[in-house]
Amino acid sequence: MTDVRWERYPLVRADPLARGWLQIRADLGLAPNTIEAYGRALQGYLSFSSQAAVVPETAGRAHIAAYVHELTTRPRASGAGVRALESGAGLANATLQQRLVAVRLFYDHLIEEGVRADNPVGRGRYTPGKAFGGARERGLIPRYQKLPWIPSDEQWQAVLGATRAESLRNRLMLALAYDAALRREELCALAVDDLDVARRLLRIRAETTKGRIHERVVPYSAPTGELYAAYVRERRTLSRARGPLFVSASHRNRGRPISIWTWSKVVAGIAARAGVPRFSTHTLRHLCLTDLARAGWDIHEIARFAGHRSLQTTFRYIHLSGRDLAANLERGMAEIHAWRTRQLAEDPA
């Protein structure tokens with residue numbers, strides 16, 4: 001069961017229906033990040049409804065449309081914590097989709113509880129120029145699929161330079177995150193027993209994955225194995241327990257497992273020192289899968305390695321830069337040109 005941090009969502013906590021919905025999701029064992037995303041989204045919607053003097057349980061489509069308008073036109077946040085700005089207004093498209101999914105699921109819950117008969121958010125009910133009820137199935141807002149960002153060679157060297165000042169534990173975490181294309185949650189949840197040192201294999205337990213369904217076993221490199229051997233000796237001075245692999249060396253939390261938030265701060269510090277603000281905990285996963293594609297791995301092999309249930313997800317993760325594509329085109333055209341030249345040179349007889 002996932003604990004809900006109710007202090008973050010006071011309006012959700014105060015509303016019996018909203019609180020009940022989020023608690024059910026937590027009791028069903030959804031990932032902590034999912035519960036947090038749902039809580040933030042529902043908190044924002046309840047806040048908007050309160051300001052508009054609309055009771056959420058009786059809200060109609062006009063209110064939902066007004067909420068979408070507010071999300072897409074609100075001033076864009078700025079400051080040191082913002083890595084990239086595409087425009088001056090509106091939330092990112094992925095964030096918009098996430099907010100609306102949470103509200104839609106909340107209204108599904110109200111229907112199941114007999115509070116109302118329909119869902120004002122709906123599914124695929126909006127068509128540009130025809131408002132709600134159009135024949136074509138489209139969402140309330142268009143869904144954009146952006147290429148994942150990966151660092152250039154120069155940016156990667158800057159990141160490596162900034163990493164050299166990090167502790168042995170942090171360098172090992174970076175190496176494993178890249179080697180095994182690990183998500184932040186998977187990395188921080190690794191246990192000592194998850195590593196098969198003899199065969200250099202890493203087990204990612206099903207309960208730590210995003211979908212919490214499929215376990216996978218992936219290899220890691222020899223240099224990462226050397227880092228691991230050195231870290232294990234250091235770890236014994238912090239904790240003798242066989243549990244979590246990565247533990248804190250601070251006086252306050254000595255020997256305790258590090259959290260995903262601690263790891264995010266570590267990576268943010270590396271990004272700041274390297275002057276590469278877009279570098280994040282997920283960048284190493286993108287970079288690993290892209291490098292596997294560059295190395296000629298089959299898409300099904302990459303999907304299995306990454307733990308993706310859908311090949312479409314794998315296609316979105318794999319990023320080939322314009323430089324890669326240009327090089328492929330140049331090689332391909334050179335081969336075609338040579339082939340045609342040979343044909344022209346052949347004796348017709």
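The values are calculated or read from the model by the stated rules, or taken from the named source; none is laboratory data. Note that this is a predicted model, so its numbers are computed, not measured. Neighbour counts are summed over all protein chains in view; Cβ atoms, including those assigned to glycine, are modelled from backbone coordinates with ideal geometry.
Figure legend. Inter-residue proximity from the stretch 192-217: first residues over 17 Å from Ala181 (Cβ atoms), second residues among the charged types (D, E, K, R), beta-carbon distance below 8 Å, spacing 6+ or different chains. Indicated pairs: Val192/Arg242; Asp193/Arg242; Asp196/Arg203; Ile213/Arg309. Does Ala230 qualify as being closer than 25 Å to Ser167 by Cα, part of a loop (DSSP other than H, G, I, E, B) and either not polar (S, T, N, Q) or not assigned by TED's automatic domain parsing to the domain that holds Thr34 (or both)? Judged against the criteria, Ala230 is not a match. Tyr231 meets the stated requirement of being out of contact with any Gly (no Cβ under 9 Å at 6 or more places or on another chain), farther than 21 Å from His282 by Cα and surrounded by 15 or more Cβ atoms within 10 Å (Cβ to Cβ).
Mind checking which residues of the stretch 162-208 are surrounded by fewer than 20 Cβ atoms within 10 Å (Cβ to Cβ) and among the hydroxyl-bearing types (Ser, Thr, Tyr)? Scanning the stretch 162-208 gives Thr163, Ser167, Tyr178. Kindly provide the set of residues from the stretch 305-315 that are on the phi < 0 side of the Ramachandran plot, in contact (Cβ under 8 Å) with a residue 12 or more places away in the chain and either part of a loop (DSSP other than H, G, I, E, B) or surrounded by 15 or more Cβ atoms within 10 Å (Cβ to Cβ) (or both), ordered by number. Once the filter is applied, which keeps residues that are on the phi < 0 side of the Ramachandran plot, in contact (Cβ under 8 Å) with a residue 12 or more places away in the chain and either part of a loop (DSSP other than H, G, I, E, B) or surrounded by 15 or more Cβ atoms within 10 Å (Cβ to Cβ) (or both), the stretch 305-315 yields Phe305, Ala306, Arg309, Thr314.
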